[in-house]
Amino acid sequence: MTTSENASAWPDHKPTALLVLADGTVLEGFGLGAEGHAVGEVCFNTAMTGYEEILTDPSYAGQLITFTFPHIGNVGTNEEDIETVNMAATPGARGVILRSAISDPSNYRATKHLDRWLKARGIIGLSGIDTRALTALIRTKGMPNAVIAHAKNGEFDLHGMKEEAREWPGLEGMDLVPMVTSAQRFTWEETPWVWEKGFGRQTEPEFNVVAIDYGIKRNILRLLAGEGCKVTVVPATTSAEDILAMKPDGVFLSNGPGDPAATGKYAVPVIKRVIASGTPTFGICLGHQMLGLAVGAKTMKMHQGHHGANHPVKDETTGKVEITSMNHGFAVDQATLPEGATQTHISLFDGSNCGIELKGKPVFSVQYHPEASPGPRDSHYLFKRFADLMRANKRA
């Protein structure tokens with residue numbers, strides 16, 4: 001629903017939240033979560049479950065998430081489903097856009113109402129708009145820059161919001177990793193959640209893995225630990241010398257937010273040194289994109305990005321199709337992959353690159369999220385593949 005600066009489109013109920021797009025479009029709704037305003041890029045997510053994992057994924061830094069599924073909040077929130085590792089960092093998403101108001105939770109794991117949870121994390125929310133129409137707009141015109149605002153009194157500086165949305169430079173060229181990376185190294189031992197048992201702990205590791213934190217998710221670390229890894233997480237700016245001095249059996253390149261070309265200015269030289277050392281290397285999402293940059297490929301901004309827990313990907317090495325969880329607005333340009341870098345996975349939605357491996361080297365990466373959280377578990381095998389590479393490399 002649109003409105004002008006002088007007329008309200010809600011004759012009976014004054015709007016308490018606005019979404020103002022860079023082109024001047026104003027969407028009126030009702031506020032939830034924290035009060036205030038935030039600027040970011042609007043994307044849509046098609047997942048039907050896992051909203052808490054999505055909202056705490058550091059890869060969403062700088063973005064406003066529109067959920068296409070109408071019932072968000074009905075299972076509440078809890079402390080176990082948070083994906084953010086660095087709790088002192090800026091929350092992943094800057095704002096959330098919903099079709100329906102948040103209902104009271106009805107789930108035995110719930111400990112807090114989503115609205116109170118959003119307030120506590122400083123995330124601004126808006127409900128009551130046609131999210132299908134907004135999604136259609138994004139599919140047609142691409143992901144717009146916008147300002148989201150929530151004020152209980154319904155008073156907004158509409159002119160200022162339009163100006164801020166119009167002048168925000170967008171994610172292209174923006175390095176957001178410093179907002180989400182860990183400040184210092186630490187060791188991770190927690191293993192995946194098991195029904196009626198909760199999380200376990202790795203006590204007899206087979207491998208020593210260094211994970212470079214560009215905005216890493218907890219379930220990635222859990223699955224690495226579950227494959228027998230003692231994981232040392234290091235900040236994004238850690239040097240190759242410091243990483244290799246830890247004598248890792250493998251190096252993991254994590255997911256994260258922002259433009260890979262911007263982060264790559266300091267990350268790519270490190271990745272090149274790691275590859276040259278012969279150390280088995282595995283990358284996910286932003287880590288995949290920067291691995292592509294490290295071998296000479298280019299990355300590009302996508303029109304609408306891929307965000308959801310239902311994206312089909314074909315493994316070109318086996319012919320199998322996986323349903324995957326995705327969250328990215330940039331991709332490796334497959335046409336620029338150099339000789340020696342083989343495309344292993346493609347998106348069946350648009351044919352974009354979703355995986356590469358290096359010929360003759362124990363190095364591979366994928367564009368999607370094999371750790372799920374949220375999403376299907378079709379791609380958990382990739383963590384075993386990484387473990388197998390490390391095992392074979394140790395034997396050699």
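The figures follow:
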{"item": "Beta bridges by DSSP in segment 177-395, antiparallel share as percent, to the nearest 5", "result": "60 percent"}
{"item": "Distance histogram for segment 17-167 (every C-alpha pair counted, 5 angstrom bins, percent rounded to whole numbers)", "result": "2, 10, 20, 24, 21, 13, 7, 2, 0"}
{"item": "Computed lengthening from ALA88 to HIS71, 0.36 nm per intervening residue step minus Cα-Cα distance", "result": "3.2 nm"}
{"item": "Mean Cα-pair separation over length for the chain, i.e. relative contact order, pairs under 8 Å, 6 or more apart, %", "result": "15 percent"}
{"item": "About the Cα centre, charge dipole magnitude for the chain (Lys/Arg +1, Asp/Glu -1 at Cβ), debye", "result": "840 debye"}
{"item": "Segment GLU189-THR203, extension gain: residue separation times 0.36 nm, minus the distance between their alpha carbons", "result": "4.3 nm"}
{"item": "Proximal charge balance of LEU118 [Cβ under 12 Å; K/R count +1, D/E count -1]", "result": "+2"}
{"item": "Among GLY36, GLY160, GLY375, residue whose mean-square fluctuation peaks in a GNM of the chain (springs only between Cα atoms under 10 Å)", "result": "GLY160"}
{"item": "Area projected by the alpha carbon convex hull of segment 255-309, averaged over all directions, nm²", "result": "4.3 nm²"}
{"item": "Simple spin-label estimate for LYS301 and THR46 in nanometres, 7 Å along Cα-Cβ", "result": "2.3 nm"}
{"item": "Residue exposure sequence - SER182, SER277 - by fewest surrounding Cβ within 10 Å", "result": "SER277, SER182"}
{"item": "Cβ-Cβ FRET estimate between ARG273 and GLU155, R0 fixed at 45 Å, reported to 0.05", "result": "0.25"}
{"item": "Reduced Cα scattering model of the chain, Debye log10 I(q)/I(0), q = 0.06, 0.08, 0.11, 0.13 Å⁻¹", "result": "-0.23, -0.41, -0.76, -1.04"}
{"item": "Among LEU114, THR68, THR342 - extreme Cα towards positive end, dipole of the chain, charges at beta-carbon", "result": "THR342"}
{"item": "Alpha-carbon centroids, segment 203-278 and segment 24-55: separation in whole Å", "result": "31 Å"}
{"item": "Most fluctuating residue given options THR336, THR68, THR77, as computed from a GNM of the chain linking Cα atoms under 10 Å", "result": "THR336"}
{"item": "Added length on full extension, which subtracts the Cα-Cα distance from 0.36 nm per residue, GLU339 to GLU79", "result": "89.0 nm"}
{"item": "Burial ordering of TYR51, TYR214, fewest other beta-carbon atoms within 10 Å first", "result": "TYR51, TYR214"}
{"item": "Segment 47-79 residues near the modelled ASP130 label - backbone nitrogen below 17 Å, point 7 Å along Cα→Cβ", "result": "67-70"}
{"item": "Neighbour-count order for ILE284, ILE216, fewest beta carbons within 10 angstrom listed first", "result": "ILE284, ILE216"}
{"item": "Cβ-placed point charges (K, R +1; D, E -1), dipole of segment 177-395 about Cα centre in debye, nearest 20", "result": "280 debye"}
{"item": "Options ALA392, ASN78, HIS369, ranked by Cα towards positive dipole end of the chain, top entry (Cβ charges)", "result": "ALA392"}
{"item": "Calculated FRET value between ARG109 and GLU172, using beta carbons and R₀ = 51 Å, to 0.05", "result": "0.85"}
{"item": "Candidates VAL147, VAL295, VAL233: whichever shows maximal mean-square fluctuation once the chain is modelled as a Gaussian network with Cα springs under 10 Å", "result": "VAL295"}
{"item": "Positive-pole candidate from ALA133, ALA146, VAL233, dipole of the chain, charges at beta carbon", "result": "VAL233"}
{"item": "Shape category assigned to segment 299-396 from the gyration tensor of Cα positions, a/c cut at 1.5", "result": "oblate"}
{"item": "Debye, to nearest 20: dipole size of segment 17-167, +1 on Lys, Arg Cβ, -1 on Asp, Glu Cβ", "result": "240 debye"}
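Quick note: the coordinates plus some simple rules give every number you see, no bench work behind them. Please read all numbers here as calculations on a predicted model, not as lab measurements. Every residue, glycine among them, receives a Cβ derived from its backbone with ideal geometry; neighbour counts consider all protein chains shown.
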